[in-house]
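Scroll down for the structure; my scribbles are underneath it.
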Number of protein chains: 2
Amino acid sequence: MKALILSADNFEDSELLVPYYRLQEAGYSVVVSSVRRGAIHGMHGYEVKVEKAFSEVDPTEYSVLILPGGKAPAAIRHDPKVQEIARHFMTSGKPVGAICHGPQTLISAGLLTGRRVTCYRTVAKEMQESGALYADREVVVDGKLVTSREPVDLPAFMREVMRLLPHLGAVAPDAYWCEGSSMPLAAGEKKRI
Amino acid sequence: MKALILSADNFEDSELLVPYYRLQEAGYSVVVSSVRRGAIHGMHGYEVKVEKAFSEVDPTEYSVLILPGGKAPAAIRHDPKVQEIARHFMTSGKPVGAICHGPQTLISAGLLTGRRVTCYRTVAKEMQESGALYADREVVVDGKLVTSREPVDLPAFMREVMRLLPHLGAVAPDAYWCEGSSMPLAAGEKKRI
C-alpha cells in the first residue's frame, strides 16, 4: 500500500518525518510529492527526496494523504493540482491527516465547510472563516479527516491516522483504543476500552 | 508504562524525536534524561525537555531504553551512572534500542562482547574491537537488543523495538510480522508470516 505526502521547501521537519517513518514502519511505501522532482528541505535543514512532481501524481494509487505543516503549505495551497489531489481523498472516503499549517491546503480547496478540525493557532481564524468547526485540541477526528495543531501533538495525530488505515494497525497497550474504534479487531480479540 | 531516553546536547534530532513520539503514540510515558534537568538541543535545533538528571534515574521504573545518536553519545558514554543504567537494561532482559552513535554507550559499558549489532559506519571499527559481531544492516535484533545505523533505518528500528515491548498487541498487515514473532497474538488471530 502507498501513502502520499504533499509538501515543499520549509516544511516543519518533524511533521513530515514522523509520519514518513511511521507509515514506512507499518509497511507503507511513502511517496513525497512537491512542485518538482528532486529534494525539498525543512526549516530545520532535513532533506527529503521528492519522488514525484504534483503533476505526476495519480491520487487513486494512494491509500492515505498526509499534509505536514511549516511554511510549505502556504507555497502549495493555491496549486490547482494540489487541490485536485486533496479533493480526491476528501471525497472518496480515504484518510487524510493534516497538521499545523497543513490544513491550509484544505481551506484553499474549499473542503472544510462544516467539518470539525483543528490546526496551528494562527491558522484558526481563516479556518473558521472558511466554515470549519474549529476546536483547540491535540487531535480532532471527523470521519476520515484527522487534524492536529503542532509537533507535540504528533503522538495523538499518528495514533488516529493509523487507526483509520485499511488493513493496518497498531501496536498498543490495552486501553489504547476508544469505544467505537474503526480498527478491524481479530475474531476473539476483546474490545478495547 | 514508561520509556527512558538517555541523551545530551547535539543529539541527532530525528533519532530522538521519532522514538519519543512513537512510544507516546503507543501509550508510553517517555522520560528524557541527561546530565542535568532542563533542556537539550539537537544538531538540527530541536529542543527537548529533560525531566531527570542521570543521577535521578531509577532504571527499574522503565520498560525500555532508547539510545539515540548524533554527538550526544560521545558526551555521555563514559558517565558511570549512564553505564549503570545501560547495564541494568541489558542484564535484566528489558528491550534496548540503540541507533547510529547510540551504541557507543554500550561499548563503553562493556556490554557488547559477543552480541550481534549494527551502528553508524564510523563506529563499526570500535564496535568490532570491543568484541561485538557487527553487520552492515538496517536493523539487527539480538535477543532484546535492537540496533540500527542511521535515520533512514528508523522505520525498521522502531518496528523491531515495538515488537519487543511488553503488554502490547498488534494489528498489522499480512507479511508484517516474521515467523517467531514475540508479539502476543489474540486468540483466533492467524499467525502472520
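The table below gives the values:
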quantity	calculated
Counting DSSP beta bridges with both ends in region A:25-148, the antiparallel % (nearest 5)	40
Positive-end residue of B:PRO68, B:LEU106, B:ILE40, charge dipole of region B:2-168 with Cβ unit charges	B:LEU106
Interface area, A with B, accessible, probe 1.4 Å, both sides summed, Å² nearest 100	2700
Label 7 Å beyond Cα on the Cβ vector: A:ARG36 copy-to-copy distances, nm	4.9
Label 7 Å beyond Cα on the Cβ vector: B:ASP142 copy-to-copy distances, nm	5.2
Across the identical copies, how the B:GLU47 labels are spaced - nm, sorted shortest first, 7 Å along Cα→Cβ	2.9
Per-residue mean of C-beta atoms belonging to partner chains within 10 Å, peptide A:10-18	3
Student exercise, region B:65-164 dipole from Lys, Arg, Asp, Glu Cβ charges, in Debye to nearest 20	160
Computed P(r) (all Cα pairs; region B:2-168; 5 Å bins; percent)	2, 10, 21, 25, 23, 14, 5, 0
Inter-chain shielding of B:36-46 (mean C-beta neighbours from other protein chains, 10 Å cut-off)	2
Accessible-area composition of chain B, carbon plus sulfur, in percent [1.4 Å probe]	49
Per-residue average of Cβ from other chains inside 10 Å of A:19-31	5
Lysine pairs meeting the criterion (Cα under 26 Å, 8 or more apart or interchain), as found in region A:2-168	22
Bridge type composition, the protein assembly as shown - antiparallel percent by DSSP, nearest 5	35
Chain B: relative contact order as a whole-number percent, Cα under 8 Å and 6+ apart	17
Chain B: most fluctuating residue of B:GLU25, B:GLU160, B:GLU126 per GNM, C-alpha cutoff 10 Å	B:GLU25
Whole-percent pair-distance distribution, where bins are 20 Å wide, for the alpha carbons of the protein assembly as shown	29, 56, 15, 0
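The values are calculated or read from the model by the stated rules, or taken from the named source; none is laboratory data. Keep in mind that what you see is a predicted model, and the values were worked out from it rather than measured. Every residue, glycine as well, gets a Cβ built from its backbone with ideal geometry; the counts of neighbours run over all protein chains shown. Heavy atoms of the whole protein, side chains included, go into the accessibility calculation; ligands, DNA and RNA do not. Shrake-Rupley method; radii C 1.70, N 1.55, O 1.52, S 1.80 Å.
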